[in-house]
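Visitor: Just passing along the structure, written as C-alpha cells.
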Amino acid sequence: MQLRVGLIGCGRIAYAHLRGYKNLPELFSVVACCDINLQAAKALAQELNSDVAIFDNYRSLLEHQDVDIVDITLPHSEHAPAVIESVNAGKHVLVEKPMATNLRDACQMVYAAQQKSVTLMVAQTKRYSEIYRKMKSLIVDGAIGEPIYIRAGVDSLLSELRSSTNWLLKKSIAGGGVIMSNGVHLIDLLRWLVGEVNAVYALTRQSPLNPTMDCEDVASCLLEFENEAIGDLACLYAAKASPWSNAVIWGEFVLIYGTEGILHNIGDEIRLISGPERKLQIFNGFNDDPFQTELEHFHFCVLNGCEPLSSGRDNLNTIALIEAIYLSAEKQSRITVSEVWDRSCLSQKSVLKPSN
C-alpha cells in the first residue's frame with residue numbers, strides 16, 4: 001500500500017529524506033511540501049515528477065485530505081508543536097532527531113500519539129545504518145562477550161558546514177549545541193547497542209572556532225550504563241579534521257571492549273578481535289542508505305500497527321539522557337537519569353508504557 005506523504009520543513013536534511021522516498025515509489029508518494037519559506041517548498045517539490053501541493057503553513061497542510069503521514073524536519077524548537085498538531089489531526093509522524101529539546105515536550109508528544117493511536121517515529125538514522133546493524137548483531141551474538149567499556153566520538157567543524165547565521169548555532173532554536181544537534185546520534189546509538197544509561201558526568205566548552213555560536217561546541221561525557229559498562233563519549237563541532245573517517249572533515253566512531261574481545265568501526269569498516277587467539281575479522285563494503293531503510297521500517301510499522309525501533313516512546317530516554325548531560329555540565333557533578341525525570345515531575349513508568 002502506498003502512503004501519501006506531506007513534508008513539513010524543506011531545508012537541507014529534507015533532501016536526504018526525499019531521496020529515500022524517491023527510491024521507494026511503491027511505498028510512498030510525496031503529495032505536499034511545506035516551508036515558511038515558500039521558495040524552499042517549491043524547490044523541493046521540483047525534485048519530484050508529479051503534482052505536489054505547496055504550503056507555507058503546516059496547519060494548512062494538515063487539512064489536506066490526501067496526506068496519510070507527515071515527515072517533520074523543522075528546526076528543533078518547532079518539533080513538539082508540529083508533532084502534537086499533526087497527531088491530533090490523525091497523521092502518522094516521522095520527526096527528525098532530536099525528538100524535542102526537553103523531556104516534558106517529548107512526553108507530551110508521545111502522550112498525544114498514544115491518545116490518537118497513530119505512529120510516532122524518530123528519525124534516528126544510525127539505528128538503520130548497515131554498519132551499526134552489523135555491530136548490533138555481533139554484540140547480540142556474543143562476539144565480544146559482555147560490553148565493559150565503550151569509547152565513541154563524533155567530529156566536525158560547524159563553521160565550515162553552516163553559515164554564521166544558521167539556526168544550529170543558536171541555543172534558543174537548536175535547544176543546545178553539539179550534544180543536542182550531533183551528539184544525539186551517538187547517545188541514541190549507544191543506548192541501542194549497549195543498553196540504558198543510569199548516570200552521567202559531563203563537561204562542555206565553547207571554542208573560538210565557531211564565533212557566532214552561543215552554546216557548547218565541545219563536550220566530554222562519562223556514561224554509567226545499567227549493565228555496569230562505562231562509556232566515554234566525545235562530541236565536537238570544533239574539529240579541524242577527523243581521524244575516524246575517510247571523509248576527514250567529518251567522522252564518528254564506536255569502539256566497544258568486551259569480556260571476550262573488541263569491536264570498532266574506525267576507518268569506515270568493522271574490525272572484530274575476539275577469541276583466545278585474538279583473531280581479527282574485517283567487515284566492509286557498507287554502502288547502504290539508512291534514510292531509505294528507515295522509511296521502509298516506518299512504512300511497515302504504520303501499516304501493521306507496530307511500535308518502531310526508534311519510536312517516540314523509546315526516544316524519551318534519549319532526551320532524558322541529553323538533559324542529564326546538560327544538567328551535569330551545569331552543576332559540574334554526577335547526575336542520574338532518574339533525577340531528570342524527577343525534575344520534570346513526570347512518572348517514567350506511566351509515560352514509557354508500551355503503546356500497543
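The values are calculated or read from the model by the stated rules, or taken from the named source; none is laboratory data. Bear in mind that the values here come from a model prediction, so they are computed numbers and not experimental data. Every residue, glycine as well, gets a Cβ built from its backbone with ideal geometry; the counts of neighbours run over all protein chains shown. The accessibility values were calculated without ligands, DNA or RNA, using every heavy atom of the protein model including side chains. Shrake-Rupley method; radii C 1.70, N 1.55, O 1.52, S 1.80 Å.
Visitor: Measuring from label point to label point, each 7 Å out along Cα→Cβ, what is the T212 to C306 span in nm?
Guide: Placing both labels 7 Å beyond Cα along the Cβ direction yields 4.4 nm.
Visitor: Give the residue from Q124, P98, M109 lying farthest towards the positive end of the charge dipole for region 77-128; charges sit on Cβ (+1 for Lys and Arg, -1 for Asp and Glu) and the dipole is referred to the Cα centre.
Guide: Q124
Visitor: Okay, moving on. Measure off 7 Å from each Cα along the Cα-to-Cβ vector at E277 and E196, then give the distance between these two points in nanometres to one decimal.
Guide: 4.1
Visitor: Which whole-percent values make up P(r) of the chain when all C-alpha to C-alpha distances are grouped in 10 Å steps starting at zero?
Guide: All Cα pairs considered, the percentages come to 5, 24, 33, 27, 9, 1, 0.
Visitor: Taking a cut-off of 23 Å, what percent of all Cα-Cα pairs in region 210-356 are separated by more than that?
Guide: Details: 6409 of 10731 pairs.
Summing the P(r) of region 210-356 above 23 Å gives 60 percent of all pairs.
Visitor: Okay, moving on. Need one word for region 103-178: rounded, prolate or oblate. Basis is the Cα gyration tensor (sqrt eigenvalues a ≥ b ≥ c); a/c below 1.5 gives rounded, then a/b vs b/c decides.
Guide: Details: a/c = 2.43, a/b = 1.18, b/c = 2.05.
Oblate shape, in that a/c is at least 1.5 and b/c is the bigger or equal ratio.
Visitor: Considering the dipole of the chain built from charges on the beta carbon (Lys and Arg +1, Asp and Glu -1) around the Cα centre, which of N57, Y21, M1 is farthest to its positive end?
Guide: Farthest towards the positive end: N57.
Visitor: Quick one: the Cα spread of region 1-160 along its three principal axes, in angstroms, biggest first?
Guide: Cα spread of region 1-160 along its principal axes, largest to smallest: 52, 40, 35 Å.
Visitor: Hey, what's the per residue convex hull volume over the C-alpha atoms of region 154-248, in cubic angstrom?
Guide: On the way: hull volume 9.3 nm³, N = 95.
Hull volume over Cα atoms, normalised by residue count, gives 98 Å³.
Visitor: Continuing with this model, one more query. Taking 30 Å as R0, compute the FRET efficiency from the Cβ-Cβ separation of R12 and R205 and round it to 0.05.
Guide: Efficiency computed from Cβ-Cβ geometry: 0.70.
Visitor: Within the chain, what is the longest stretch that has no GluC sites (Glu not before Pro) placed in a DSSP loop and near at most 16 other beta-carbon atoms within 10 Å?
Guide: Free of exposed loop sites, the longest segment is 64-195.
Visitor: Taking the chain as a Gaussian network, where each spring joins two C-alpha atoms under 10 Å apart, which residue of Q65, Q114, Q332 fluctuates the most?
Guide: Q65
Visitor: Can you give me the convex hull volume of the Cα atoms of region 49-117, divided per residue and expressed in Å³? Write out the running numbers ahead of the final one.
Guide: Numbers: hull volume 6.3 nm³, N = 69.
Residue-normalised Cα hull volume stands at 91 Å³.
Visitor: Now, a different point. When only C-alpha pairs under 8 Å and at least 6 residues apart count, what is the relative contact order of the chain, in percent? Kindly include the intermediate steps, with their values, before the conclusion.
Guide: Numbers: 752 pairs, mean separation 65.1, N = 356.
So the answer I get is 18 percent.
Visitor: Excluding residues fewer than 8 places away in the same chain, name every one of the lysines whose C-alpha is closer than 20 Å to that of K170.
Guide: Partners within reach: K97.
Visitor: From the backbone phi of region 112-127, what are the Karplus-calculated ³J(HN,Hα) couplings (6.51 cos²θ - 1.76 cosθ + 1.60, θ = phi - 60°) in whole Hz, Gly and Pro given as x?
Guide: 4, 5, 5, 5, 9, 6, 10, 7, 10, 10, 9, 7, 8, 5, 4, 5
Visitor: At a probe size of 1.4 Å, how large is the accessible area of M1, to the nearest 10 Å²?
Guide: Roll a 1.4 Å probe over it and M1 shows about 150 Å².
Visitor: Mind listing the long-range amide H neighbours of W250? Cut-off is under 5 Å, sequence gap 5 or more, other chains count too, H placed in the peptide plane at 1.01 Å from N.
Guide: Hits under the 5 Å cutoff: S242.
Visitor: Still on this structure: With all protein chains present, how much of the accessible area of region 25-116 (probe radius 1.4 Å) comes from carbon and sulfur, to the nearest whole percent?
Guide: The computed percentage sits at 43.
Visitor: Could you work out how far helix 12-22 tilts from the main Cα principal axis of the chain, as a 0 to 90 degree angle to the nearest 10?
Guide: 70
Visitor: Here is a further query. Toward the positive end of the charge dipole of region 161-255, about the Cα centre and with charges on Cβ (Lys, Arg +1; Asp, Glu -1), which of V200, A219, A229 goes farthest?
Guide: The residue sitting most towards the positive pole is A219.
Visitor: What are the semi-axes of the equivalent ellipsoid for region 222-269, taken as the square roots of 5 times the Cα gyration tensor eigenvalues, largest first, in whole Å? Working shown, then result.
Guide: Values: eigenvalues 116, 45, 6 Å².
That gives 24, 15, 5 Å for the three semi-axes.
Visitor: Mind putting a number on the dipole of region 1-98 about its Cα centre? Charges go on the C-beta only, +1 for Lys and Arg and -1 for Asp and Glu, and I need it in Debye to the nearest 20.
Guide: 220
Visitor: Now, a different point. What list of ³J(HN,Hα) couplings, whole Hz, do you get for region 229-243 from phi and the Karplus terms 6.51, -1.76, 1.60, once you set θ to phi - 60° and write x for glycine and proline?
Guide: Using θ = phi - 60°, the values come out as 5, 10, x, 10, 10, 10, 10, 9, 9, 10, 10, 5, 7, 10, x Hz.
Visitor: From the phi angles alone, apply the Karplus equation (6.51, -1.76, 1.60; θ = phi - 60°) to region 290-301 and give each ³J(HN,Hα) in whole Hz, x where the residue is Gly or Pro.
Guide: x, 5, 5, 4, 4, 5, 4, 5, 4, 4, 4, 5
Visitor: Continuing with this model, one more query. Please report, in cubic angstrom per residue, the volume enclosed by the convex hull of the alpha-carbon atoms of region 168-223.
Guide: Working: hull volume 4.5 nm³, N = 56.
Per-residue hull volume (Cα only) is 80 Å³.
Visitor: Name the shape class, rounded, prolate or oblate, that the alpha-carbon gyration tensor gives for region 72-209, where a ≥ b ≥ c are the square roots of its eigenvalues, rounded holds for a/c under 1.5, and otherwise prolate holds if a/b is larger than b/c and oblate otherwise.
Guide: Numbers: a/c = 1.96, a/b = 1.13, b/c = 1.74.
Taking the square roots of the gyration eigenvalues as a ≥ b ≥ c, region 72-209 is oblate.
Visitor: Hey, can you find the accessible area per residue of region 215-258 for me, probe 1.4 Å, expressed in square angstrom?
Guide: Details: 1860 Å² over 44 residues.
Counting only protein heavy atoms, the per-residue value for region 215-258 is 42 Å².
Visitor: How big is the dipole moment of the chain about its Cα centre under a simple scheme where the beta carbon of each Lys and Arg is +1, that of each Asp and Glu is -1, and everything else is neutral? Debye, nearest 20, please.
Guide: Rounded to the nearest 20 debye, it is 280 debye.
Visitor: Pulled fully out, how much extra length does the chain show between I230 and Q332, if you take 0.36 nm times their separation in residues and subtract their Cα-Cα distance?
Guide: Numbers: separation 102, 0.36 × 102 = 36.72 nm, distance 1.86 nm.
Additional length available on full extension: 34.9 nm.
Visitor: Rounded to the nearest 20 Debye, what is the dipole magnitude of region 82-215 about its Cα centre when Lys and Arg each give +1 and Asp and Glu each give -1 at the C-beta?
Guide: Working: 15 positive and 11 negative charges, 23 e Å.
About 120 debye.
Visitor: Okay, next question. Using 16 Å as the cut-off for backbone N distance, which residues of region 266-301 belong to the label zone defined by a point 7 Å from the Cα of R19 along Cα→Cβ?
Guide: 286-296, by backbone N distance to the label point.
Visitor: Calculate how large, on average over all directions, the projected area of the Cα convex hull of region 53-93 is; give the answer in nm² to one decimal.
Guide: So the mean shadow area of the Cα hull is 2.8 nm².
Visitor: Let me ask you something else. With a Förster radius of 35 Å, plug the Cβ-Cβ distance of E269 and K42 into 1/(1 + (r/R0)^6) and report the FRET value to the nearest 0.05. Mind showing how you got there, number by number?
Guide: Values: r = 41 Å, r/R0 = 1.17.
E(calc), rounded to 0.05, equals 0.30.
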